[in-house]
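The values are calculated or read from the model by the stated rules, or taken from the named source; none is laboratory data. Note that the structure is a prediction, hence the values are computed from the model and not measured. Don't worry about glycine lacking a Cβ; one is built from the backbone with ideal geometry, like all the others, and counts go over all protein chains shown. Quick note on the areas: whole protein, heavy atoms, side chains included, nothing else; ligands and nucleic acids left out. Shrake-Rupley method; radii C 1.70, N 1.55, O 1.52, S 1.80 Å.
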Amino acid sequence: MVANEPTIEQTIETDDIIVCRDVHKWFGDFHVLRGITTTIKKGEVVVVFGPSGSGKSTFIRTINRLEEHQRGDIFVDGIALTNDTRNIDAIRRDVGMVFQSFNLFPHLKVMTNITLAPMKVRKLPAKQAVAQAMELLERVGIPEQADKYPAELSGGQQQRVAIARALAMQPKIMLFDEPTSALDPEMIKEVLDAMRELATSGMTMIVVTHEMGFAKEVADRMMMFDDGVIVEEGSPEQIFEAPRSDRTKLFLSQIL
Amino acid sequence: MSANSVLSAPLILPPPRTETGMVGWMRANLFSSWHNSAMTVVATISLVLALWFGLGWILLEANWAVVPTLGGRIIIGQYNIEAACPGQNCFWRPQAALLLITALLGMAWAVAGGGVTKRIALVVGGAAAAFAFLPYGLDQMGLDVRLLLLANLPALAAGWALARYTRLGSASWIAILSVIAFILTLVLLRGIPGVPLLHPVAVIYWGGLMLNLLLAVAGIALSFPVGIVLALGRRSRLQVVKLLCIVFIETFRGVPLITLLFMSQVLVPLAFPENFPQNSLVRAAIVITLFSSAYMAENIRGGLQSLHPGQVEAARALGLPGWQTTLFISLPQAIRNVIPPIVGQFISLFKDTSLVYIIGMLDVVEISRAFIQGNPEYLANAKELFIFLALVFWVFTYGMSYVSRRVEQHLGVGER
Ligand SMILES: Nc1ncnc2c1ncn2[C@@H]1O[C@H](COP(=O)(O)OP(=O)(O)O)[C@@H](O)[C@H]1O
Ligand SMILES: [Mg+2]
């Protein structure tokens, strides 16, 4: 080891918002993440893809600590992810997440789904929370659904409510775990449009998706996962036109 | 409209005649196949026979006089006897408590604005007032008693107006006032030494339906929160907490209530300090609450387990701390999912309150049994009396399941 080697903290640059160094995770004996090292800059849109079971969901879930990693380091917005619950709560406030199965709260109206966390966690007064929720519903194109229950909405509308709900916490980072794979084809576009708009607004986004049209158009960088490692990363042009890894080539040939 | 669109418009036809109306319904539901038809015929014949003989007996043969003879005892037990309440008529005290309840129901009606709450309020207030016109010269039922029963109607109206026109008209105020009313009821019934009209009445004299209802209300109101705490404790990651909850739940579920009531006579005095109000009523309430919370805990745990894990994940991902996730996300959904078993449990709790006869309390069933035993001339009419009691229990339990069905429908909105 070289003397005066800089600590990880010292190597983080000011515009690095997510830093992963050699992240490992096991489910029991099963080695799911086998050394993930990557850095994501503020405002970057990263598309993660790869075969089913390769660890994509697990990877993005470690970033807001829905899963705990067992080796390596993760820094989100300069805060180290450790067992310190204050850190975890602070990070979860800054990281929004959108799930494949929407996970809206079925017993609460759309409006309350969106205002609950800002009011309880950020202590936003009710009036402001409602006004903000209406703005967000306008932004995702469904202001008229505020007073309905989630089950009264179509899948595409539900997913847009889920996006609005995450944005209501004013996160710095948004994570999407296959946001369109539970949707009927005619509804995929409305959700991708909302995400595209979000990307244009400068949000840092990690999106697990196999919507390659969206990736080509919106992603700054793409990341191919296989067997718990990042097989290859690069710009969409490079990934689609000149993939370096045979596994990437094979996978893309299967899905395109 | 072009000719083309008229031609291509799909025809909208009325359904075939046999499918609609009475005949259609009967054909579809009662006579859809030969065995369905056979069942319908057999059931109809049995029903007609049962009604024929049942109604015949009820109207012509049965002698219902035993019910008014027992009269107020059915409702308040020995609360009003000379030994309990010397030199006074104490019937007004439980009646005043009833007025509090009707007034609260009136408030609830104004807040809910109709529906099931309104119906319950009208049925309770109306029934109480109607009792004032019973044709019998009931034992203990003088003019004062009848006027107090009638007063339930103005009480209902007053409660309604109070909630409608003052700041007290909100669900949280009604909850607070209900707790106050319950405490007030206990004070009213117990009495205060030295206060002229509130001569203390020992709890051994409390009885009748009043006792069953007091124990049921206390048991339900207390076992609900205790059950929630136990259910959460059993799922806790803290192993000691988890173990304690499991031991508690399995102990109280594993022993018959009747045994627990027996044991309470011996154990509760050991477990509580000497100056703790020690009497059969408190002991019975504690035991019933603990017994019921064990079942409640398992019902609620079932509800928690039926939740999709994505619900908690979504809440945690939004930054809600664990306790808020439980309070706002998990518990409301879990409880909604298990309303039917919870109400079923409350119904059996209400019926189980009759078991307190085992520790010498005269609940509505026991006071009736004791009456028949002490007045052999009514032995032949015991069946009328107990059929009447069955009806009383049925009315209350049916009321509970009716309310629960309406609550379920109401909460079902978001599910679909
Ligand atoms: N909670 C869990 N317990 C055990 N194994 C899990 C758990 N979650 C995921 N896995 C396993 O980890 C692997 C990676 O899962 P996941 O990250 O969901 O993959 P992907 O999102 O790429 O399809 C899969 O083999 C999956 O079965
Ligand atoms: Mg996945």
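When B:Val282 is tested against (1) within 14 Å of chain A (Cβ to nearest Cβ); (2) part of a helix (DSSP H, G or I), exactly one condition is not met: (1). Restricting B:Phe248, B:Phe252 to those that are out of contact with any helix residue (DSSP H, G or I) (no Cβ under 6 Å at 6 or more places or on another chain) and either free of Cβ contacts under 8 Å to residues at least 40 places away in the same chain or surrounded by fewer than 21 Cβ atoms within 10 Å (Cβ to Cβ) (or both) reduces the list to B:Phe248.
Note on segment A:41-74: residues that are open to solvent by less than 10 Å² (accessible area, probe 1.4 Å) and away from ligand 1 (no atom under 13 Å from the Cβ) amount to 5.
Listed here are the strands (runs of 3 or more DSSP E) enclosed by segment A:153-256 that have at least 3 residues being open to solvent by 10 Å² or more (accessible area, probe 1.4 Å): A:229-234.
Just one of (1) under 26 Å from B:Phe393 (Cα atoms); (2) touching a residue at least 60 places away in the same chain (Cβ under 8 Å) fails for B:Ile228. It is (1).
Scanning segment A:39-79 for residues that are part of a loop (DSSP other than H, G, I, E, B) and within 14 Å of chain B (Cβ to nearest Cβ), which turns out farthest from ligand 2 (Cβ to nearest atom)? Looking at residues that are part of a loop (DSSP other than H, G, I, E, B) and within 14 Å of chain B (Cβ to nearest Cβ), I get A:Asp77. Going through segment A:117-136 one residue at a time, which ones are facing chain B (nearest Cβ under 9 Å) and open to solvent by 20 Å² or more (accessible area, probe 1.4 Å)? Once the filter is applied, which keeps residues that are facing chain B (nearest Cβ under 9 Å) and open to solvent by 20 Å² or more (accessible area, probe 1.4 Å), segment A:117-136 yields A:Lys120, A:Val121, A:Arg122. Residues that are within 13 Å of chain B (Cβ to nearest Cβ) and part of a loop (DSSP other than H, G, I, E, B) were ranked within segment A:137-152; the one that is surrounded by the most Cβ atoms within 10 Å (Cβ to Cβ) is A:Tyr149.
Of everything listed in (1) more than 9 Å from chain B (Cβ to nearest Cβ); (2) more than 16 Å from ligand 1 (Cβ to nearest atom), the single unmet condition for A:Thr85 is (1).
B:Ala294 meets the stated requirement of being at negative phi and either in contact (Cβ under 8 Å) with a residue 40 or more places away in the chain or away from chain A (no Cβ under 11 Å) (or both).
Against the definition (open to solvent by less than 60 Å² (accessible area, probe 1.4 Å), over 23 Å from B:Val179 (Cα atoms) and modelled with pLDDT under 95), how does B:Leu260 come out, yes or no? Judged against the criteria, B:Leu260 is a match. Per the listing B:Ile367, B:Ile358, B:Ile372, B:Ile329, the residue uniquely aliphatic (A, V, I, L, M) and either within 14 Å of another protein chain (Cβ to nearest Cβ) or not in a helix (DSSP H, G or I) (or both) is B:Ile329. Taken over segment B:166-213, the criterion of being assigned to a loop (DSSP other than H, G, I, E, B) and of a type in the set (A, V, I, L, M, F, W, C) is satisfied by B:Leu168, B:Ile192, B:Val195, B:Leu197, B:Leu198, B:Val201, B:Ala202.
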